Amino acid sequence: AGVADVAAHPHKKIKASAAKIDEYISKVSAYRAGGDGGKCLKILIIYVKNVADNPGEDKFKRIKMDNKVYKTKVKPFVGAKALLLAVGFKPAEGGEAALVLSEDADQDLLTQTKQKLEAAFASY
């Protein structure tokens with residue numbers, strides 16, 4: 001399922017893949033109007049950096065999708081949620097509007113993704 005499929009079928013599950021992290025970052029980076037892509041990258045950096053740098057901190061392992069920052073700076077941008085899913089976040093159980101880092105999330109992948117996001121933001 002490509003990104004176009006997700007737009008046409010909003011309830012379709014996003015198949016996120018760690019192999020596509022670079023692609024997700026470039027999709028977000030492509031948003032230039034009003035610096036929106038940069039703002040999104042900045043939030044993604046915070047989310048990923050927090051879990052990469054503080055693997056024992058539970059408070060960083062949950063992203064509330066109904067909060068203003070997520071709704072305005074992450075949700076609208078193609079590639080952003082897919083990136084979070086690709087690094088190990090998954091929808092919370094019980095219908096809560098949140099993404100939760102899975103227990104078996106790959107710390108190396110989180111660290112690499114943090115570095116890629118920081119590089120993308122620096123060159124945005």
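The values are calculated or read from the model by the stated rules, or taken from the named source; none is laboratory data. Predicted model, so just to flag it, every value in this text is computed and none were measured. For neighbour counting, all protein chains shown are included, and Cβ atoms are generated from backbone atoms with ideal geometry for every residue, glycine included. In case anyone asks, the SASA skips ligands and DNA or RNA and just uses the protein heavy atoms, side chains included. Shrake-Rupley method; radii C 1.70, N 1.55, O 1.52, S 1.80 Å.
Details
- For beta carbons closer than 6 Å, sequence separation of 6+ or different chains, a first residue in the range 105-117 that is among the hydroxyl-bearing types (S, T, Y) and a second that is in a helix (DSSP H, G or I), the qualifying pairs are T111/A52; T113/I21; T113/V48.
- Residues that are more than 15 Å from K114 (Cα to Cα), crowded, with 20+ Cβ neighbours inside 10 Å and in contact with a strand residue (DSSP E or B) (Cβ under 7 Å, 6 or more places away or on another chain), drawn from the range 70-100: Y70, L99
- The range 75-114, subset assigned to a loop (DSSP other than H, G, I, E, B) and over 21 Å from D53 (Cα atoms), residue modelled with the lowest pLDDT: E96
- Just one of (1) modelled with pLDDT of 95 or more; (2) in contact with a Lys or Arg (Cβ under 7 Å, 6 or more places away or on another chain); (3) open to solvent by 40 Å² or more (accessible area, probe 1.4 Å) fails for K64. It is (2).
- Within the range 59-74, being over 13 Å from C40 (Cα atoms), of a type in the set (A, V, I, L, M) and in a loop (DSSP other than H, G, I, E, B) holds for one residue alone: M65.
- If you go through the range 16-38 and keep only what is surrounded by 18 or more Cβ atoms within 10 Å (Cβ to Cβ) and either charged (D, E, K, R) or modelled with pLDDT of 95 or more (or both), you end up with I21, Y24, I25, K27, V28, S29, Y31, G37.
- Candidate set: the range 112-124, residues that are among the polar types (S, T, N, Q) and under 12 Å from I21 (Cβ atoms); chosen: the one surrounded by the fewest Cβ atoms within 10 Å (Cβ to Cβ): Q115
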